[in-house]
Amino acid sequence: QESVRVTRALFSEEPTPFTPRGGWRLAAGGDLVWPAQVDGYNLTYPRERASIAAEGQDGLPLIALWDKGLGRTAAVSFPVGGPFSRSVREWTQLGDMVQTLARWLSGEAVPSGVFLRQTV
């Protein structure tokens, strides 16, 4: 990480095309009409077993999903508020994306024989 900090910024202020990938199918039963671009994004790198739902022009993930143990995790590396979020805020399906991710992160019912208590 220190090498990355020295060699390049951690946030790209340049617009990048939004390219959907197959990983979105893990979270959703259908596709969205994605935005053409995002106005900026955090430079991130996918975990080894992560599924990429969308990536930018440089192939870095914009949305990544991962099943981890009994849970799930998701990373959205573009802003949905603030100075570099105009394209995303104007995207009519932003709410659908957030709602789909929230449902997917919540997980399914606890399988029979597993005792787990969840506090939200």
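How high is the relative contact order of the chain? Use alpha-carbon pairs under 8 Å, at least six apart in sequence, and give a whole percent.
This gives 23 percent for the chain.
What is the ratio of the Cα radius of gyration of segment 35-77 to 2.2 N^0.38 Å, where N is its residue count, to two decimals?
Compared with the compact-globule rule of thumb, segment 35-77 sits at 1.18.
Under 10 Å, Cα contacts only: if you run a Gaussian network model on the chain, which one of 76, 98, 38 comes out with the highest mean-square fluctuation?
Of 76, 98, 38, the Gaussian network model singles out 98 as fluctuating most.
Show that you can apply the helix-only estimate: for the chain, add -39,500 (n - 2.57) for every DSSP H stretch of four or more residues, divide by all residues, and state [θ] at 222 nm to the nearest 500.
-6000 deg cm²/dmol
According to the square roots a ≥ b ≥ c of the eigenvalues of the Cα gyration tensor, what is the shape class of segment 6-67, taking rounded for a/c under 1.5, prolate for a/b larger than b/c otherwise, and oblate for the remainder? Write down the numbers at each step before the final one.
Numbers: a/c = 3.04, a/b = 1.38, b/c = 2.21.
Judged from the Cα gyration tensor, segment 6-67 comes out oblate (a/c at least 1.5, b/c at or above a/b).
Across the chain, what fraction of all alpha-carbon pairs, as a whole percent, falls in each successive 10 Å bin from zero upward?
12, 41, 31, 13, 3
State in Å² the accessible area per residue of the chain; use a 1.4 Å probe, count heavy atoms of protein chains only, and round to the nearest integer. List each step's numbers first, then the result.
On the way: 8020 Å² over 120 residues.
I get 67 Å² per residue for this part.
Pick out, in residue order, every one of the chymotrypsin sites (Phe, Trp or Tyr not before Pro) in segment 39-96 that is DSSP loop and has at most 11 other C-beta atoms within 10 Å; say none if there are none.
Taking segment 39-96 and a limit of 11 other Cβ atoms within 10 Å, no loop chymotrypsin sites (Phe, Trp or Tyr not before Pro) are found.
With a Förster radius of 22 Å, plug the Cβ-Cβ distance of residue 96 and residue 25 into 1/(1 + (r/R0)^6) and report the FRET value to the nearest 0.05.
Details: r = 15 Å, r/R0 = 0.68.
For R0 = 22 Å, the calculated efficiency reads 0.90.
The values are calculated or read from the model by the stated rules, or taken from the named source; none is laboratory data. All values derive from a computational prediction rather than experimental measurement. Virtual Cβ from ideal backbone geometry, glycine too; neighbours counted across all protein chains shown. Just the protein is used for accessible areas: all its heavy atoms, side chains included, with ligands, DNA and RNA removed. Shrake-Rupley method; radii C 1.70, N 1.55, O 1.52, S 1.80 Å.
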